[in-house]
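Have a look at the structure below before the remarks.
The values are calculated or read from the model by the stated rules, or taken from the named source; none is laboratory data. Just so it is clear, the structure is predicted and the values come from calculations on it, not from any experiment. Cβ sites come from the backbone with ideal geometry, for glycine too, and all protein chains shown count toward neighbours. Side chains included, ligands, DNA and RNA excluded: accessible areas come from the protein's heavy atoms. Shrake-Rupley method; radii C 1.70, N 1.55, O 1.52, S 1.80 Å.
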Amino acid sequence: MLCPKCHRPLADESEGVYICCAGESLQWHCTSCAKVSEGFAFPYGRCPHCGGALEVVEGRRAEAAAALEGIRMAFEIELGGRAFYQRAAADTSDPQLRQLFGRFALMEGEHMETLSRRYHLDVPAPAPWFRVELAAIFGDVESRPQDPANLFRIAIALEQRAAAFFAERSGQCTPGSAEAELYRELAAEEREHADILATEFARWRDGRPGLFASDLLHPTPEAGSAPGGNAAAVLLDGHPDARVALVCGDDRVTYGELRDRVARAAAVWQARGIAPGERVAVKLADSCDWVVAYLGAMWSGAIGVAVNPRIPEAEWHYILDEAGFGAILVEADEPTPAPWNSRLVTRADWRREVDAAEPCAPRAMASDAPAFWCHSSGTSGKPKAVVHGHRFAGAIEQVSRDGIGVRADDRLYASSKLFFSYPQTNSLFAGLKLGATIILDPQWPTAQGVVATVEKQRPTVLFCVPSLYRNLIHEGLAPRIAAAGVRQCVSAGEALPASLRDEWRRQTGLTIIDGYGASELLVLVMLDHDDGRGFTPSPGCEIAPLAEVPAGMPTRLLIRAPTLALGYLDRPQAQAETFRDGALSPADLFVRNDNVNAGPPQVDVPPPGGGLGAPSPGGTIQGGWRFAGREDSMVKIHGRWVDLVALEQQLAAKSPRIVETAAVCVPDADGVDAVALFYVASGNDPAAGEALQAGADALPSHQRPRWLHAVEALPRTATGKLLRRKLQELHRTME
C-alpha cells in the first residue's frame, strides 16, 4: 500500500496512527551568525553553519504539529549522536574504542532509518561544523576528547538526556494520543541505548572485548587461508604480464604493471595506518590511478569505497558521517569538515608514495570479509551503502562471458563512471577477471564525448545507459559507434524502451542486450537479447516470483546470484525486506512473459496481489519476464491501477520528436490523485507536445495525464536514474 500523501510505500500499516512528514520543511534563523537555513532537522537543533541556536522563521502546517515536532527532535538527537560517535571514533587512539564507537554510529543510523521509513522523511544531512565538545555541552558533561573514559561518559549522558527529554514530553501529551505514544517509544529506545553503552563501558574498563566485536565494518582474515582468497588478487591472477589491462587516454597499463602497482598501493595504505576493515574512499575521476588505489585497498584488507567526484556537498557529508573513512584519495585539497580533512590524500602525494613503496603480498581474507562498498543510486532517499564480500570475485565474470559473450581479446568501454556499480562490476571487474582490456575515460559522459572515445580507443563492447543511447540517436551520432568497430552494445540502469532499441538497430545494425541488475547483485542477473522472450535468467543466476500471482499480474522477484552482497550498512529494516533466505527481492516489479508473441505491454495492469509471500516452489523460471516498474510506479487513479512506466513508453512513441517522458502521481487541488507527464522534445518542437496531447486524449480517463509539462531535461541521479520525487516537487511549482 502507498502513502496517501506522498505515494511512497508504507513501512508497516499496523503501526497505528499514520503521520507523513514528506515535504515538511522549516526556515531557521541563527541567533549567532544570522544566516537563514532551510531543513526539517539539524543535529541538536543547531545552526548548520556555526552551531548557534536556531529560531523558526516561518511555521509549518498545523496538521499533526505536536507529533511532527517530536519526529523532528528525534531526528536532531539521532543526528547529533551519530556525529558524536563518528568523531569520537576518529579522535581516539584505542583500536577497541574506535571499533566500538564506529558500531554505535551505525546504531544511530539504524534508528534514523526507522524514523525515515515510518514517517516518510529523508534522513537530514549532517552538519560539517559538529564537534565532540558540543555533544559534551548538550549532555552536561565535561569535555575531555582525549580521555577515552570521558568519551563513554559523554555518550551515556547523551542517551540519558534524550530518554529523559522524551519521557517528559510524553507526560505532557494527551494520554493515548499519537504524539504521546511516539515520545514514549523514543524514550524507551534511548534508555536501551544508555544501558548498552553502560555495559560496554564496564567491559572496556575491565579489559574485556566489547559485545560488538565483529560486524560488517571489521573483517577478519580467514585463518590458514591462501592469498587467493583476496578479491583483488583473484581478479588479477593468471593473465600474461604483457597483455594490456587498462587504457586511459594515452596511458597504457599491462597486467604485470597493474599487479605490481596494486601491491605497492596496498603497502602505501598499510604504511598510512589503514587497518583491515577500515574504509578507503576513492574520490577521483576515472583513471588508471583510480583502479590501482581501489584494488590496492582490497589487496591490503581494507574496504574500497568509490565516491562520485561531483557528489553534492550534503550527500558527501552524509557519507562521511556514515563511513568514517581512514583515508580519502582526492585530486587536490578540497574543503572537507573535520576530522575528515586530516584524512585527505592528494593524488600527487599518493603517486609519489606508490612509486617509492615496496610491493606487499595480498592479505588473506575470508570470503565473507567486506571487500568494497557501493552506494545505491538514492532514487528513493539517501543512498544506501551496499557491502560486498571478497567472494564476489569468484564468479564476477560468468555473466559477461557466457551471457554477453565477452572474450579475453575484447576491449570494453562503459560510458558511466566507475563509482556506479554497473560499469565497475560488469566492465572493470569482469573484464579484469577475463583478461580483457578496459578503456577508461575521465570525462563526464556526453554523446559527443562517448563517440570521440569510441573512435579513438576502438572498443568492441560498449556498456551504456538508455539515456545515453537516446542522446546518441537524437544527435545523429549512433552510426559512428558501429563504424568504429563496436560489435556488442549493452544497456542497464533503467528501462530500455522497445522503440529506442528498434531505432538503434535501424541506425547501427547492432542489437542492444538489455540487462537488469542492482548494486546488491553486481552482475546483470537477467538479460533480454531482443529475441521476443523478454528478460531471462543470466548464466549462474536463478529467478523466481516472490509470490505466485495470476497470469498478467506483476510481482517482485526472488533472485539468487553468487555475487549477492553481504547486506546494507546500518539499514536493518531495508535489509530484512530486500535480502531474503540467501537471495534478493528488489522493489522492481515484473510480469511473466508467457506469450512471446504478445504485443506491447498494456498500460492498465492490476496491482501486486496478496502482498509479499514465500518464494514459490519449482526453482528457476526459464520463461521471460517483462519489467513493470517499481512498486512506487504502480499507482491507483480513480480506483484503477496504472503502470507509470508503461504509460511513459506508450506516449513517448507518439512522435519521433519526443526525446523522453516521465510520469508521476500527484494530487490535484481537491486532493484527488492524477497523473502529471513531463516530456523533453527535440528542439523544443511544439508539434511534439501536440502529438503527446492527442495520444493522451485517446486514453481512458484513469490513464490520461491531467498535466503535460515540457522541460529541458529530466532530473536524474549521477548514474542516470530518474528521480520521480524531484518531478513531484517540480510539478508543485508549475501548476
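Summary table below
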{"quantity": "Long-range neighbours under 7 Å by Cβ, at least six apart or interchain, first residue among the hydroxyl-bearing types (Ser, Thr, Tyr) within the range 481-510, second surrounded by fewer than 19 Cβ atoms within 10 Å (Cβ to Cβ) and assigned to a helix (DSSP H, G or I)", "calculated": "Thr508/Pro479; Thr508/Ala482"}
{"quantity": "Per-region count, the range 683-710, residues open to solvent by less than 20 Å² (accessible area, probe 1.4 Å) and in contact (Cβ under 8 Å) with a residue 24 or more places away in the chain", "calculated": "9"}
{"quantity": "Residue match in the range 272-288 (condition: touching a Lys or Arg at 6+ places or on another chain (Cβ under 7 Å) and within 26 Å of Val244 (Cα to Cα))", "calculated": "yes"}
{"quantity": "Single match in Val454, Val486 (criterion: β-branched (Val, Ile, Thr) and either closer than 21 Å to Ala681 by Cα or surrounded by 23 or more Cβ atoms within 10 Å (Cβ to Cβ) (or both))", "calculated": "Val454"}
{"quantity": "Qualifying position, being under 19 Å from Leu295 (Cα atoms), open to solvent by 20 Å² or more (accessible area, probe 1.4 Å) and at pLDDT 95 or above, among Leu440, Leu412, Leu428, Leu434", "calculated": "Leu434"}
{"quantity": "Residue in the range 557-571 that is of a type in the set (Phe, Trp, Tyr), part of a strand (DSSP E or B), open to solvent by 20 Å² or more (accessible area, probe 1.4 Å) and within 20 Å of Thr425 (Cβ to Cβ) present", "calculated": "no"}
{"quantity": "Residue that is over 29 Å from the mean Cα position of the chain (by Cα) and among the acidic types (Asp, Glu), where the choices are Asp514, Asp502, Asp530", "calculated": "Asp502"}
{"quantity": "Selected residue (only one of Phe325, Phe372, Phe392 is aromatic (Phe, Trp, Tyr), in a loop (DSSP other than H, G, I, E, B) and either in contact with a strand residue (DSSP E or B) (Cβ under 7 Å, 6 or more places away or on another chain) or over 25 Å from Phe130 (Cβ atoms) (or both))", "calculated": "Phe325"}
{"quantity": "Hits in the range 532-556 - residues which are farther than 30 Å from Val123 by Cα and not in a loop (DSSP other than H, G, I, E, B)", "calculated": "Phe535, Thr536, Pro537, Glu542, Ile543, Ala544, Pro545"}
{"quantity": "Residue in the range 245-266 that is open to solvent by less than 20 Å² (accessible area, probe 1.4 Å) and part of a loop (DSSP other than H, G, I, E, B) present", "calculated": "no"}
{"quantity": "Positions within the range 489-507 being open to solvent by 30 Å² or more (accessible area, probe 1.4 Å) and within 20 Å of Trp444 (Cβ to Cβ), in sequence order", "calculated": "Glu494"}
{"quantity": "Count of residues meeting criterion [open to solvent by 50 Å² or more (accessible area, probe 1.4 Å) and touching a strand residue (DSSP E or B) at 6+ places or on another chain (Cβ under 9 Å)] in the range 348-366", "calculated": "1"}
{"quantity": "The lone exception for Phe201 - which of (1) modelled with pLDDT of 95 or more; (2) of a type outside the set (S, T, N, Q); (3) surrounded by 15 or more Cβ atoms within 10 Å (Cβ to Cβ) it fails", "calculated": "(1)"}
{"quantity": "Some residue of the range 162-183 being within 15 Å of Phe75 (Cα to Cα), of a type in the set (Phe, Trp, Tyr), part of a helix (DSSP H, G or I) and in contact with a Ser or Thr (Cβ under 6 Å, 6 or more places away or on another chain)", "calculated": "yes"}
{"quantity": "Criterion: more than 24 Å from Asp91 (Cα to Cα) and modelled with pLDDT under 95 - qualifying residue of Ala314, Ala323, Ala357, Ala366", "calculated": "Ala366"}
{"quantity": "Top-ranked residue in the range 110-150 [being closer than 22 Å to Trp204 by Cβ and of a type in the set (Gly, Ala, Ser); ranked as modelled with the highest pLDDT]", "calculated": "Ala149"}
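Rundown of residues vs (1) in contact (Cβ under 8 Å) with a residue 60 or more places away in the chain; (2) open to solvent by less than 10 Å² (accessible area, probe 1.4 Å); (3) farther than 16 Å from Val280 by Cβ, yes/no style:
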site: Val292; (1), (2), (3): yes, yes, no
site: Ser300; (1), (2), (3): yes, yes, no
site: Val305; (1), (2), (3): yes, yes, no
site: Arg310; (1), (2), (3): yes, no, yes
site: Tyr318; (1), (2), (3): yes, yes, yes
site: Glu322; (1), (2), (3): yes, yes, no
site: Gly326; (1), (2), (3): no, no, no
site: Ala332; (1), (2), (3): no, no, yes
site: Trp340; (1), (2), (3): yes, yes, no
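Let's see how each residue does on (1) touching a strand residue (DSSP E or B) at 6+ places or on another chain (Cβ under 9 Å); (2) open to solvent by 30 Å² or more (accessible area, probe 1.4 Å); (3) at pLDDT below 80; (4) not in a helix (DSSP H, G or I):
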residue	(1), (2), (3), (4)
Cys20	no, no, yes, yes
Gly23	no, yes, yes, yes
Trp28	yes, no, no, yes
Ala34	no, yes, no, yes
Pro48	yes, no, yes, yes
Ala66	no, yes, yes, no
Glu69	no, yes, yes, no
